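Encoded as structure tokens, the structure appears first; notes follow it.
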Amino acid sequence: MLNSQFVNYKVEAWDTLQHLFKVKNINDHTLHFVAILAERLDLERFKQAVNLSADAFPLIRSSFNETQNKSYWEEKGYTVDDIVKILETSNTDKSVNEFICKEIDASNGPQLKIEIIRDDKNDTLCVLVNHMLCDAAGFKDYLYMLSDIYSNMDEKTYYLPAPMDNRKISQILKTFSVRDKLKIMFGKNDMFSLDPAKFELEGNISNPFIEIRTILKEHFRQIKAYAKKHGATVNDVILAAYMRVLFQIFNRVVTITCTMDMRKYLPNCRADGICNLCTNLTCNIGSEIGIDFEETLSKVKKAMDKEKSNIACIKSINLMEKFFDIFPYKLAKDIIKKRFSNPLIAFTNIGIIDKTRLTFGKIEIIEAYMTGSIKYSPYFQLAISTFNDQATLSINLYGTQSDRNTISFFLDKLVQELNNIM
């Protein structure tokens, strides 16, 4: 049932950019989370928790509206029964795969969809959120809030942040000194120098899929130890393996665009609200891949250390917000639509899903992973998330079975490359 009185909320610049990615057929705007639980959730308690979370973050209950001259979020009063569904099944894997490939309907809402898939022993929690509302880090913030409410509802000691407090990109710039702001404004970065290499994908808009590979704890710990031994990060190691497999396919070094969370510039790495706060870095190691994995890793580490130290990566995203603050909506949107482009081959490290913060009472979470949006051909993105020292690699696409075979082959090669360093 919908409310008769609607409240409107501001659409921020990153919300619009995510919308344009869909309009430009780059990717849909849905993020995906799956958690396998050791037991069953208390359904009524869970629904109450979802309701309270939506009270704190009303964009969940909203629809995205756009006219020629403006856009806005309109609260529609969707109930928890519009958001949460229960499915009892004897084939959990099939049901999970079917649900997580669904897309959030931004124009009709709600912007959050949850399915609890229940078999005869336990529950699998599947959550979809509109990428326009938040990036992966913001999605994790929402999940932590939801689990905190569920776990502490009786004592009413759960923490409700202010998800609507400040969703603007400018909160990042406020943390810098005047001198650093000038460096950002006049600095240079090559986030628009996109590599033309692309996979020959057929594409099929009626067939979304998420192809996954799991790196088990023992192997992932070995990767972490290997990274530490070489003074690198796990991110560097995965990128090096990614580059080496791409080199085998394209017979040259491919420059990879990587997503970076700008929250690292904020106190305690915490944003004021649930939002999108990411930008891109470019991993360009030159024309030589290196004679072995260690040499590739050294090149990747050097390139990424340089990129991460360059605060000018904030410039383009900050300018995007200023366009929407200064110019009429249609003009700003047209400028951004024309100017911003997406890499054909990309990488995103969703990072660690914190086991200590994602708890539903005393119910143990056996496995959990998160994936990014689903790409349209020819766009190709590798994502990685980790939970309890187990990593999940994923590539998402609207594509044919032939495309899925291509992606499956690629992920197998990537895992083998990581196996080879042990």
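The values are calculated or read from the model by the stated rules, or taken from the named source; none is laboratory data. Remember, predicted model here, so these are calculated numbers, not experimental data. With ideal geometry, Cβ positions are generated from the backbone for all residues, glycine too; neighbour counts draw on all protein chains shown. Just the protein is used for accessible areas: all its heavy atoms, side chains included, with ligands, DNA and RNA removed. Shrake-Rupley method; radii C 1.70, N 1.55, O 1.52, S 1.80 Å.
Any residue at all in segment 388-403 that's open to solvent by 10 Å² or more (accessible area, probe 1.4 Å), at positive phi, in a loop (DSSP other than H, G, I, E, B) and touching a Phe, Trp or Tyr at 6+ places or on another chain (Cβ under 9 Å)?
Looking for residues that are open to solvent by 10 Å² or more (accessible area, probe 1.4 Å), at positive phi, in a loop (DSSP other than H, G, I, E, B) and touching a Phe, Trp or Tyr at 6+ places or on another chain (Cβ under 9 Å), one finds at least one in segment 388-403, hence yes.
Could you tell me whether any residue of segment 351-367 is closer than 20 Å to Ile223 by Cα, part of a helix (DSSP H, G or I), open to solvent by 20 Å² or more (accessible area, probe 1.4 Å) and touching a helix residue (DSSP H, G or I) at 6+ places or on another chain (Cβ under 8 Å)?
no
Take the residues of segment 335-350 that are open to solvent by 40 Å² or more (accessible area, probe 1.4 Å) and modelled with pLDDT under 95: which is nearest to Thr233 (Cα to Cα)?
If we take residues in segment 335-350 being open to solvent by 40 Å² or more (accessible area, probe 1.4 Å) and modelled with pLDDT under 95, then Ser341 is nearest to Thr233 (Cα to Cα).
List the residue pairs whose Cβ atoms are under 7 Å apart, where the first residue sits in segment 138-155 and is over 28 Å from Lys168 (Cα atoms), the second is open to solvent by 30 Å² or more (accessible area, probe 1.4 Å) and among the hydroxyl-bearing types (Ser, Thr, Tyr), and the two are 6 or more positions apart or on different chains.
Sorted first by the residue in segment 138-155, then by its partner, the pairs are Ser151/Thr359; Asn152/Tyr158.
Hand me the list of helices (runs of 4 or more DSSP H) wholly inside segment 101-220 holding 2 or more residues that are aromatic (Phe, Trp, Tyr).
By residue number, 136-152.
Is segment 71-82 home to any residue that is charged (D, E, K, R), buried (at least 20 other Cβ atoms within 10 Å of the Cβ) and assigned to a strand (DSSP E or B)?
yes
Listed here are the residues, each with its yes/no results for (1) in contact (Cβ under 8 Å) with a residue 60 or more places away in the chain; (2) surrounded by 21 or more Cβ atoms within 10 Å (Cβ to Cβ).
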| site | (1), (2) |
| --- | --- |
| Thr296 | no, yes |
| Val300 | yes, yes |
| Lys330 | yes, no |
| Lys333 | yes, yes |
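Look through segment 174-226, keep the residues that are touching a helix residue (DSSP H, G or I) at 6+ places or on another chain (Cβ under 7 Å) and polar (S, T, N, Q), and return whichever of them is modelled with the lowest pLDDT.
Within segment 174-226, the match that is modelled with the lowest pLDDT is Asn189.
Quickly run through segment 225-243 and pick out the residues that are part of a loop (DSSP other than H, G, I, E, B) and within 30 Å of Lys174 (Cβ to Cβ). Full working, then the answer.
Quick first cut of segment 225-243, residues part of a loop (DSSP other than H, G, I, E, B) only: 230-233.
Residue satisfying the conditions is Thr233 alone.
Answer yes if at least one residue in segment 283-295 is among the hydroxyl-bearing types (Ser, Thr, Tyr) and not in a loop (DSSP other than H, G, I, E, B), and no otherwise.
no
Tell me, which residue of segment 244-294 that is farther than 17 Å from Lys174 by Cβ, without any contact (Cβ under 8 Å) to a residue 12 or more places away in the chain and open to solvent by 70 Å² or more (accessible area, probe 1.4 Å) is nearest to the chain's Cα centre (by Cα)?
Asn251
Which residue pairs have Cβ atoms under 8 Å apart, sit 6 or more places apart or on different chains, and have a first residue in segment 51-68 that is within 12 Å of Leu112 (Cβ to Cβ) and outside any helix (DSSP H, G or I) and a second that is open to solvent by less than 50 Å² (accessible area, probe 1.4 Å) and of a type in the set (Lys, Arg)?
Ser62/Lys76
Take Ala35 and tell me if it is outside any loop (DSSP other than H, G, I, E, B) and modelled with pLDDT of 95 or more.
Against the criterion (outside any loop (DSSP other than H, G, I, E, B) and modelled with pLDDT of 95 or more), Ala35 qualifies.
Within the bounds of segment 337-349, is there any residue that is in a helix (DSSP H, G or I), touching a helix residue (DSSP H, G or I) at 6+ places or on another chain (Cβ under 8 Å) and among the basic types (Lys, Arg)?
Of the residues in segment 337-349, the ones in a helix (DSSP H, G or I) are 337-339.
Adding the requirement that they be touching a helix residue (DSSP H, G or I) at 6+ places or on another chain (Cβ under 8 Å) leaves 337.
Those still in the list that are among the basic types (Lys, Arg) too: 337.
Scanning segment 337-349, I find at least one residue that is in a helix (DSSP H, G or I), touching a helix residue (DSSP H, G or I) at 6+ places or on another chain (Cβ under 8 Å) and among the basic types (Lys, Arg), so the answer is yes.
State which residue is modelled with the highest pLDDT when the search covers only segment 302-328 and only residues that are more than 17 Å from Asp261 (Cα to Cα) and open to solvent by less than 50 Å² (accessible area, probe 1.4 Å).
Ala303
Take Ile100 and tell me if it is surrounded by 20 or more Cβ atoms within 10 Å (Cβ to Cβ) and touching a helix residue (DSSP H, G or I) at 6+ places or on another chain (Cβ under 9 Å).
On the way: surrounded by 20 or more Cβ atoms within 10 Å (Cβ to Cβ): yes; touching a helix residue (DSSP H, G or I) at 6+ places or on another chain (Cβ under 9 Å): no.
Against the criterion (surrounded by 20 or more Cβ atoms within 10 Å (Cβ to Cβ) and touching a helix residue (DSSP H, G or I) at 6+ places or on another chain (Cβ under 9 Å)), Ile100 does not qualify.
Considering (1) within 20 Å of Phe209 (Cα to Cα); (2) of a type in the set (D, E, K, R); (3) at pLDDT below 95, say which one Arg167 fails and leave the rest.
(1)
Among the residues of segment 365-414, what is the count of those that are in contact with an Asp or Glu (Cβ under 9 Å, 6 or more places away or on another chain) and among the basic types (Lys, Arg)?
So the answer is 2.
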